[in-house]
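The values are calculated or read from the model by the stated rules, or taken from the named source; none is laboratory data. These numbers were taken from a predicted model, which means no experiment stands behind them. Glycine also receives a Cβ, built like all others from the backbone with ideal geometry; neighbour counts cover every protein chain displayed.
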Protein chains: 2
Amino acid sequence: MTGPRYTDIVRALPASVPFVGPEVRERETGKAFAARLGANENVFGPSPKAISAMQEAVGDIWKYSDATSHDLRHALAVHHNVDAENIVVGEGIDGLLGYLVRLLIEPGDSVVTSDGAYPTFNYHVAGFGGELHKVPYKDDHEDPAALLTKAKEVGAKLVYLANPDNPMGTWHDGSKIRAALDDLPHGCLLMLDEAYIEFAPDGTAPEIPIDDPRVIRMRTFSKAYGIAGARIAYAMGAPDLIQSFDKIRNHFGVNRVAQAGALAALQDEDWLQQTIHRMAEARDRIAQIAAANGLHSLPSAANFVAVDCGRDGDFARAVLNELIARDLFVRMPGVAPLNRCIRISCGRPQDLDLLESALPQALAAARA
Amino acid sequence: MTGPRYTDIVRALPASVPFVGPEVRERETGKAFAARLGANENVFGPSPKAISAMQEAVGDIWKYSDATSHDLRHALAVHHNVDAENIVVGEGIDGLLGYLVRLLIEPGDSVVTSDGAYPTFNYHVAGFGGELHKVPYKDDHEDPAALLTKAKEVGAKLVYLANPDNPMGTWHDGSKIRAALDDLPHGCLLMLDEAYIEFAPDGTAPEIPIDDPRVIRMRTFSKAYGIAGARIAYAMGAPDLIQSFDKIRNHFGVNRVAQAGALAALQDEDWLQQTIHRMAEARDRIAQIAAANGLHSLPSAANFVAVDCGRDGDFARAVLNELIARDLFVRMPGVAPLNRCIRISCGRPQDLDLLESALPQALAAARA
């Protein structure tokens with residue numbers, strides 16, 4: 001009996017799974033992490049109004065979700081002062097990135113990103129046979145000028161830029177992003193990942209007309225709105241591009257409870273502001289803890305802080321492993337020179353108390 | 001300013017959206033349907049234990065979901081007496097169908113289905129540039145022999161067969177499906193859609209060794225388990241095929257609440273049996289209502305009944321529209337000769353009371 005005949009692309013893809021969550025280690029060791037500071041989740045949780053809305057929505061879960069996410073899209077349109085036709089809702093930014101790559105990239109097409117930026121974007125580019133070109137970070141920032149120069153050089157169809165950046169937490173002023181658009185090659189789309197934008201200083205989001213066909217922006221309810229497990233995010237852009245998603249997406253991919261939760265979360269501006277304040281406090285505390293241990297930490301406009309361990313990637317990896325051994329879930333960048341850092345998500349005071357006690361021990365063990 | 005450069009496949013795809021839910025009409029008319037009998041939902045809802053589990057899971061929704069759906073997959077493995085490596089969980093059968101087509105189908109590859117079978121499968125085949133070949137139903141049943149003959153003729157990589165069938169509700173004994181495998185061409189995969197299998201008579205699910213590389217089976221929590229809005233389903237098959245999904249899927253596509261709800265629903269066998277009993281009663285009642293109006297209805301092994309309106313597709317469409325005008329949400333098959341029928345999902349007694357009063361009026365209006 002013969003098996004199925006896979007596509008050429010699929011046969012060439014690695015079988016390894018790049019998505020290893022904290023639950024894997026928790027199952028291996030049989031105990032839960034004491035602090036969950038590795039996935040840039042929002043430990044403060046969503047608005048209590050979103051919790052209530054989701055619990056109520058569970059009662060109607062026998063019904064399919066609205067394939068158009070009508071109510072949420074219209075609320076987002078009001079929120080951003082755009083039309084509902086400028087917005088598509090999907091299964092997290094991860095899901096929307098997959099659809100976007102599928103819309104544009106055929107085998108051999110060029111795509112540009114930064115070396116060390118969001119791996120899931122790279123995963124999708126590989127998954128559709130795209131050719132990925134990477135430019136280095138510059139002073140721990142993604143480098144818009146270098147990205148666009150590379151895009152022109154390789155005739156890229158798509159360029160990825162996160163602002164604020166993950167995993168470093170650095171950011172550019174929106175005016176700089178907007179100005180860079182002048183150098184975007186014809187027929188190249190800028191994918192602007194704004195997953196962390198709510199945490200960033202005013203002016204970080206560039207003012208770009210919503211109908212500008214050169215840009216698509218993605219935002220999520222996983223970070224500032226605190227419902228990562230709901231898997232819901234959205235993309236904004238010109239109507240033609242946004243409607244193209246309808247040609248290929250899983251129209252019934254988004255959970256009904258998620259739709260209700262996102263809508264309620266969006267409408268609780270007070271809670272959002274409290275969350276942003278708490279995250280800023282947590283960022284400061286992480287920086288203080290780092291400094292108390294003689295470590296420099298990078299300024300961050302996100303809900304995490306990259307802490308420079310002061311040596312190379314092997315040393316940072318050792319520190320990371322020592323923290324994990326002490327039941328703190330943290331992660332680190334994958335490539336040099338970013339990988340001299342570990343990335344610590346903002347935690348509640350009690351989470352950061354644990355960090356405060358564990359970090360000196362982890363550093364000592366790593367140095368030993 | 002130029003827009004993005006889409007792939008050849010995307011440019012050729014229609015811009016029309018084939019997924020129009022009942023909410024669209026509800027928004028147009030400003031009132032809700034009085035009975036929701038069009039999407040083969042489970043109006044009886046999920047197990048109360050699943051409701052509780054989901055409401056509890058909402059409290060942890062700030063955490064990402066487990067990308068491996070570990071607990072659910074292992075419970076399913078026990079339930080089906082297979083290994084967890086034989087199971088992948090995804091964003092509904094719709095989502096899993098999309099991934100499956102992507103794994104196998106390159107532009108120009110042949111795929112076979114029945115003319116009038118599940119449109120979302122066809123949508124995904126078109127979405128990856130596959131060439132779809134259709135064979136007619138035979139006596140209102142999908143025709144396994146004709147499907148496999150056609151598969152051999154066109155060198156198909158993939159054949160779709162739903163058992164029980166949607167939209168007709170008819171079914172084949174599992175032994176017939178199993179015997180048909182002998183005629184499956186080498187290198188052709190049988191996609192067996194068992195979305196409605198829990199409602200079917202014993203013996204409808206074929207006994208096929210789980211490691212048989214010629215078959216993949218898909219099942220869902222949307223129908224018998226009653227959580228359509230959660231968007232969660234699974235595929236079962238040989239480990240190599242199942243693990244291939246990990247090369248391309250959105251690893252964080254499934255909602256955390258959905259994972260908890262599916263697990264609890266799976267474990268409430270009593271509720272499942274009650275649901276199956278209620279659906280059988282509702283099927284009988286729909287058939288009685290049809291008969292009282294002089295209409296024949298097809299035997300069904302699903303949670304809906306195809307009612308033969310006795311004339312052509314235009315007449316059935318007129319009956320359908322008259323029911324919709326009376327605030328009953330129902331649907332109908334899309335192609336002749338199936339489209340002489342309307343498809344009525346099983347409802348609660350009060351839903352079917354509404355059907356009982358509306359159907360004579362709708363028939364009279366359609367005949368006028």
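The set of residues in the range A:236-251 being surrounded by fewer than 24 Cβ atoms within 10 Å (Cβ to Cβ) and either aromatic (Phe, Trp, Tyr) or under 19 Å from the mean Cα position of the chain (by Cα) (or both) consists of A:Met236, A:Phe245. Filter the range A:18-40 for residues that are within 30 Å of A:Phe199 (Cα to Cα) and modelled with pLDDT under 95 and give the result. Result: A:Pro18, A:Phe19, A:Val20, A:Gly21, A:Pro22, A:Glu23, A:Val24, A:Arg25, A:Glu26, A:Ala32. Would you confirm, using the coordinates I've provided, whether A:Val135 is at pLDDT 95 or above and either assigned by TED's automatic domain parsing to the domain that holds A:Ile342 or more than 21 Å from A:Pro14 (Cα to Cα) (or both)? Against the criterion (at pLDDT 95 or above and either assigned by TED's automatic domain parsing to the domain that holds A:Ile342 or more than 21 Å from A:Pro14 (Cα to Cα) (or both)), A:Val135 qualifies. A single member of A:Ile344, A:Ile289 is assigned to a helix (DSSP H, G or I), touching a Ser or Thr at 6+ places or on another chain (Cβ under 9 Å) and more than 30 Å from A:Thr68 (Cβ to Cβ), and it is A:Ile289.
Residues checked against (1) of a type in the set (Val, Ile, Thr); (2) in contact with a strand residue (DSSP E or B) (Cβ under 7 Å, 6 or more places away or on another chain):
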| site | (1), (2) |
| --- | --- |
| B:Val78 | yes, no |
| B:Val89 | yes, yes |
| B:Ala117 | no, yes |
| B:Gly129 | no, no |
| B:Glu142 | no, yes |
| B:Ala146 | no, yes |
| B:Met168 | no, yes |
| B:Gly174 | no, no |
| B:Asp182 | no, no |
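Among (1) assigned to a helix (DSSP H, G or I); (2) among the aliphatic types (A, V, I, L, M); (3) closer than 27 Å to A:Asn163 by Cα, which single condition is A:Ala302 missing? Among (1) assigned to a helix (DSSP H, G or I); (2) among the aliphatic types (A, V, I, L, M); (3) closer than 27 Å to A:Asn163 by Cα, A:Ala302 violates only (1). Scanning the range B:201-260 for residues that are more than 7 Å from chain A (Cβ to nearest Cβ) and among the acidic types (Asp, Glu) gives B:Asp202, B:Glu207, B:Asp211. Here A:Leu272 meets the list (1) at the interface with chain B (Cβ under 7 Å from one of its Cβ atoms); (2) under 21 Å from the mean Cα position of the chain (by Cα) almost entirely, failing just condition (1). Per the listing B:Val254, B:Val307, the residue uniquely under 21 Å from the mean Cα position of the chain (by Cα), of a type outside the set (Phe, Trp, Tyr), farther than 27 Å from B:Thr29 by Cα and buried (at least 23 other Cβ atoms within 10 Å of the Cβ) is B:Val254.
Conditions (1) β-branched (Val, Ile, Thr); (2) under 21 Å from B:Ala39 (Cα atoms), marked per residue:
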{"position": "B:Val82", "(1), (2)": "yes, no"}
{"position": "B:Gly92", "(1), (2)": "no, yes"}
{"position": "B:Leu96", "(1), (2)": "no, yes"}
{"position": "B:Glu106", "(1), (2)": "no, no"}
{"position": "B:Ser110", "(1), (2)": "no, no"}
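Residue count for the range A:149-191 satisfying the condition of being farther than 30 Å from A:Ile344 by Cβ, away from every other protein chain (no Cβ under 14 Å) and acidic (Asp, Glu): 1. Among the candidates B:Pro107, B:Pro201, the residue that is within 30 Å of A:Leu103 (Cβ to Cβ), touching a residue at least 40 places away in the same chain (Cβ under 8 Å) and in a loop (DSSP other than H, G, I, E, B) is uniquely B:Pro107.
The set of residues from the range B:45-65 being closer than 20 Å to A:Ala35 by Cβ and in contact with a Phe, Trp or Tyr (Cβ under 9 Å, 6 or more places away or on another chain) comprises B:Trp62, B:Tyr64, B:Ser65. For the range A:101-125, a tally of residues being more than 9 Å from chain B (Cβ to nearest Cβ) and of a type in the set (A, V, I, L, M, F, W, C) returns 6.
For the range B:1-93, the helices (runs of 4 or more DSSP H) that sit wholly inside it and include 2 or more residues that are small (Gly, Ala, Ser) and more than 8 Å from every other protein chain (Cβ to nearest Cβ) are B:48-58, B:70-80. Among the residues of the range A:236-256, at least one is assigned to a helix (DSSP H, G or I) and of a type in the set (Asp, Glu). Flag: A:Asp94 does not match the condition of being of a type outside the set (Phe, Trp, Tyr), at pLDDT 95 or above and surrounded by fewer than 18 Cβ atoms within 10 Å (Cβ to Cβ). Find all pairs meeting these conditions: Cβ atoms under 9 angstrom apart; at least six residues apart or on different chains; first residue within the range B:314-329 and free of Cβ contacts under 8 Å to residues at least 40 places away in the same chain and small (Gly, Ala, Ser); second residue outside any helix (DSSP H, G or I) and buried (at least 20 other Cβ atoms within 10 Å of the Cβ). Hits for this filter: B:Ala316/B:Val307; B:Ala316/B:Cys309; B:Ala316/B:Met332; B:Ala316/B:Pro333; B:Ala316/B:Cys341; B:Ala316/B:Ile342.
Condition check: assigned to a strand (DSSP E or B) and modelled with pLDDT of 95 or more. Does A:Val319 satisfy that? So A:Val319 does not fit the description; no. Restricting the first member to the range A:332-344 and to residues that are surrounded by fewer than 24 Cβ atoms within 10 Å (Cβ to Cβ), and the second to residues that are hydroxyl-bearing (Ser, Thr, Tyr), the beta-carbon pairs closer than 8 Å and six or more apart or on different chains are A:Pro337/A:Tyr137.
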